[in-house]
Amino acid sequence: MTRHKRWHDLSSRQRGGIRLAASVQLLLAAAAWWDLAHRPATQVRGPKWLWALVIGVNFVGPVLYFARGRATTTGQSA
């Protein structure tokens, strides 16, 4: 059985990778929660409270919200 590494056992490159992944996760979640809070319920597929919980799931939650949770608006030109 392998021993789990502690933070100080990791190389600086490994620590940097973990910091980068954590930063991306937090930014994605913050952007998704901000969008959910400011988007009317009529423009969200499903209950907003459920999407707020889903967004908390690492990487997958915010990506799912942006891909499937927001209702598309029609009749608007780009």
Search region 21-59 for residues being touching a residue at least 24 places away in the same chain (Cβ under 8 Å) and of a type in the set (D, E, K, R), and hand back the single one that is farthest from Ala71 (Cα to Cα).
Asp35
Within region 58-68, which residues are of a type outside the set (Gly, Ala, Ser) and touching a helix residue (DSSP H, G or I) at 6+ places or on another chain (Cβ under 8 Å)?
Asn58, Phe59, Pro62, Val63, Leu64, Tyr65, Phe66
Hey, Val44 surrounded by 10 or more Cβ atoms within 10 Å (Cβ to Cβ) and either touching a Leu at 6+ places or on another chain (Cβ under 8 Å) or acidic (Asp, Glu) (or both) or not
yes
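Every residue, every condition in (1) at pLDDT 95 or above; (2) loosely packed, with under 14 Cβ neighbours inside 10 Å, yes or no:
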{"site": "Lys5", "(1), (2)": "no, yes"}
{"site": "Leu28", "(1), (2)": "yes, no"}
{"site": "Asp35", "(1), (2)": "yes, no"}
{"site": "Leu53", "(1), (2)": "yes, yes"}
{"site": "Asn58", "(1), (2)": "no, yes"}
{"site": "Thr72", "(1), (2)": "no, yes"}
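The values are calculated or read from the model by the stated rules, or taken from the named source; none is laboratory data. From a predicted model like this one, the values you see are computed outputs, not experimental measurements. Heads up, the Cβs are rebuilt from the backbone with ideal geometry, glycines too, and the neighbour counts pull from every protein chain shown.
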